[in-house]
Amino acid sequence: MQMAIDIAGFSAAEADRLRQAMSSKRSAERMEQLRGRLYAGMAERGVDGRTADELYAKLAAFADFGFPESHATSFAYLVYASAWIKLHYPAAFLAALLNAQPMGFYAPSTLVADARRHGVVLRGPDVNASAATATLEPADAGGPGVRLGIGGVRGVGDDLADRIAAGRPYASLEDLVRRTGAGRGPLEALATAGAFACLGLDRRKALWAAGPAAESQADRLPGAVVGGQAPTLPGMSPFELGMADLWATGLSPESFPTQFVRDRLDALGAVPAAGLADVAPGSRVLVGGLVTHRQRPETAKGVTFVNLEDETGLINVICSPSVWARHRRVAATAAALLVRGRLERAEGVTNVLAHELLPMDLAVPTRSRDFR
């Protein structure tokens, strides 16, 4: 753009049109439309003949590769910087990504599971410890830790999350309600997420107390609401805790759904994601996991790429057009899949070439990113 201004007398607006022409899919055609103006401007400034031809040739040549090259350069820089931060500051990297949602290719549950596998300690939302967004905390063993934010709990919203975070600490559920105006829905979601453990309430006791506590608004006399004392209730099993986390926040700080059916998967002979590195290329394998993505690029000639995730990592599955057509209903709709296929490994990347797709029932509310 500056060259066009200096050597051809382009205005800033004309130089921007040149930039647009050079970055267009029809760059050659649009550059040709500007050729006369460029030559006329150069001639007025004493640049003509062979020199003008060479300058135009360089501008036209740059139009063929400059736009994708600039994108490749900036993308490479972002990848390098992101990888460096993820390696050296994994907790800060995770907290930043969670606070920037919705964004990116991977769901928060996948980001959290990956961070946990790389040594980051995750802690759930807590009305006396959480900010509105995810924050860094020292881990018990001295490693990096992340505390999930109140704003990530279903139905809480930014305004209420900010009020809860600003009012910490709280002595009781009634104290929180009177000072923040939290209603029954958000209170029950916070209870399901375990955010009232700091008040001595496990999840079931907190759920019992949430309804009566919601009546303790600032326009009522303190202590006037009764019925919040829960009877003896059974505790939640690890599976129930994991399902409660997923319902309340969309992710679990301590578990992943497939770990609760690992015995069944082992009995079937399924190989976890972390175990595929020990399987010889060409071997027939069975894998299983949640579906995180379904992708069919226009350049893939009908091939569909499916990503599965279990508690140990991610699995790349390649479905040929014939396999996809044969299992279309299950392949396109199942939240979790069992896949039989052949393992291939090339340049350090492991894939499973699918032969058979079977539904796997995990009773987990999940959503995949499909065909984007």
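The values are calculated or read from the model by the stated rules, or taken from the named source; none is laboratory data. The model shown is predicted, which means the values in this text are computed figures rather than measured ones. For neighbour counting, all protein chains shown are included, and Cβ atoms are generated from backbone atoms with ideal geometry for every residue, glycine included. Each accessible area value is taken on the protein alone, full model and side chains, heavy atoms only, with ligands, DNA and RNA left out. Shrake-Rupley method; radii C 1.70, N 1.55, O 1.52, S 1.80 Å.
Here are some notes:
- The single residue among Arg168, Arg117, Arg184 that is surrounded by fewer than 22 Cβ atoms within 10 Å (Cβ to Cβ), farther than 20 Å from Ala244 by Cα and over 26 Å from the mean Cα position of the chain (by Cα) turns out to be Arg168.
- Residues satisfying the stated conditions in segment 242-256, i.e. out of contact with any Gly (no Cβ under 8 Å at 6 or more places or on another chain) and open to solvent by 20 Å² or more (accessible area, probe 1.4 Å): Met243, Leu246, Trp247
- Selected residue (criterion: farthest from Leu111 (Cα to Cα)) from residues of segment 297-332 that are aliphatic (A, V, I, L, M) and touching a residue at least 40 places away in the same chain (Cβ under 8 Å): Val306
- Checklist (1) among the acidic types (Asp, Glu); (2) touching a strand residue (DSSP E or B) at 6+ places or on another chain (Cβ under 8 Å); (3) open to solvent by 60 Å² or more (accessible area, probe 1.4 Å) applied to Glu137, failing item: (3)
- Boolean, Val156 is open to solvent by less than 40 Å² (accessible area, probe 1.4 Å), under 23 Å from Glu309 (Cα atoms) and without any contact (Cβ under 8 Å) to a residue 40 or more places away in the chain: no
- Whether a residue is on the phi < 0 side of the Ramachandran plot and either open to solvent by 10 Å² or more (accessible area, probe 1.4 Å) or in a helix (DSSP H, G or I) (or both) was assessed, and Ala206 passes this test.
- Test set (1) within 30 Å of Phe196 (Cβ to Cβ); (2) touching a Lys or Arg at 6+ places or on another chain (Cβ under 8 Å); (3) open to solvent by 70 Å² or more (accessible area, probe 1.4 Å) - Phe105 fails condition number: (1)
- Filter result (farther than 16 Å from Pro253 by Cβ, over 14 Å from the mean Cα position of the chain (by Cα) and not small (Gly, Ala, Ser)) within segment 75-110: Phe75, Tyr77, Leu78, Val79, Tyr80, Trp84, Ile85, Lys86, Leu87, His88, Tyr89
- The set of residues in segment 228-259 being in contact (Cβ under 8 Å) with a residue 24 or more places away in the chain, more than 20 Å from Thr350 (Cβ to Cβ) and aromatic (Phe, Trp, Tyr) consists of Trp247 alone.
- From Leu87, Leu98, residue being open to solvent by 60 Å² or more (accessible area, probe 1.4 Å) and either polar (S, T, N, Q) or in a helix (DSSP H, G or I) (or both): Leu87
For (1) β-branched (Val, Ile, Thr); (2) at pLDDT below 90, each residue gets a yes or a no:
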{"site": "Arg220", "(1), (2)": "no, yes"}
{"site": "Leu241", "(1), (2)": "no, no"}
{"site": "Gly275", "(1), (2)": "no, no"}
{"site": "Val285", "(1), (2)": "yes, no"}
{"site": "Gln295", "(1), (2)": "no, no"}
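- When Gly275, Gly288 are checked against the criterion of being within 18 Å of Leu314 (Cβ to Cβ) and open to solvent by less than 10 Å² (accessible area, probe 1.4 Å), a single residue qualifies: Gly288.
- Tyr56 being surrounded by 16 or more Cβ atoms within 10 Å (Cβ to Cβ), hydroxyl-bearing (Ser, Thr, Tyr), over 27 Å from Gly104 (Cα atoms) and modelled with pLDDT under 90: yes
- Scan of segment 297-307 for residues that are surrounded by fewer than 19 Cβ atoms within 10 Å (Cβ to Cβ) and either closer than 20 Å to Pro359 by Cβ or polar (S, T, N, Q) (or both), ordered by number: Thr299, Phe305
- Scoring Ala195 on the criteria (1) modelled with pLDDT of 95 or more; (2) assigned to a loop (DSSP other than H, G, I, E, B); (3) open to solvent by 10 Å² or more (accessible area, probe 1.4 Å) leaves a single failure, condition (3).
- Any hit, segment 178-189, residues being touching a Ser or Thr at 6+ places or on another chain (Cβ under 6 Å) and over 30 Å from Arg294 (Cβ atoms): yes
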